[in-house]
Amino acid sequence: MRKIGDELLRSSKDSTSKVLPIQKISANEFHIAFENQLPITPDSLVAIVQRNLNQSNFSKDYAVQVIACSTKKVVYGFVHSAHAKETVISCLGRKLPMGCYTIAVQFIPQKTIFSRNKTIIIGSIILVLLVLLFRIGYKKKTRTVPKSATGKPFK
């Protein structure tokens, strides 16, 4: 996270300002703040974040928001998904003016196949069990034809 902040400062030609300590908001969310104001170019932000996070052990699914310090409103953001065939990122080629910004990075936990399709899997297991129980019960209840004392079936 700190490297992302450092590269953002360098991309805005600031080699003297500091990246403030990274704030861990939750297990999946981090905030990057800066000592001084800086301009942010979405093109640079996207490239820096993608390059650094692709080389990390963090989830490859994440949302990034640029939050204005004064209003606490999101002034720019994008979402990256490792599973998407194509990532569409808007507002490239523009520049956010010099200002105080916090970069919020929220990782979207990768779900296993089981947790993603839990309802389908559990439903399938229940269905298979019911079919097996029905077949076992059906075999036990096969009809036997009672026989007379002479060994011949009744008519």
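The values are calculated or read from the model by the stated rules, or taken from the named source; none is laboratory data. Owing to the predicted nature of the structure, the values given are computational and were not obtained by experimental measurement. Cβ sites come from the backbone with ideal geometry, for glycine too, and all protein chains shown count toward neighbours. These accessible areas exclude ligands, DNA and RNA; they are computed on the full protein's heavy atoms, side chains included. Shrake-Rupley method; radii C 1.70, N 1.55, O 1.52, S 1.80 Å.
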Across the range 100-125, what is the number of residues that are within 30 Å of PRO42 (Cα to Cα) and either surrounded by fewer than 15 Cβ atoms within 10 Å (Cβ to Cβ) or modelled with pLDDT under 65 (or both)? 4
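Take SER11 and tell me if it is among the small types (Gly, Ala, Ser) and open to solvent by 30 Å² or more (accessible area, probe 1.4 Å). Can you show your working first?
Values: among the small types (Gly, Ala, Ser): yes; open to solvent by 30 Å² or more (accessible area, probe 1.4 Å): yes.
Yes, satisfied.
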From the list TYR76, TYR62, exactly one residue is modelled with pLDDT under 90 and over 17 Å from the mean Cα position of the chain (by Cα). Which is it? TYR76
If you check ALA33, ALA82, which single one turns out to be open to solvent by less than 60 Å² (accessible area, probe 1.4 Å) and modelled with pLDDT of 95 or more? ALA33
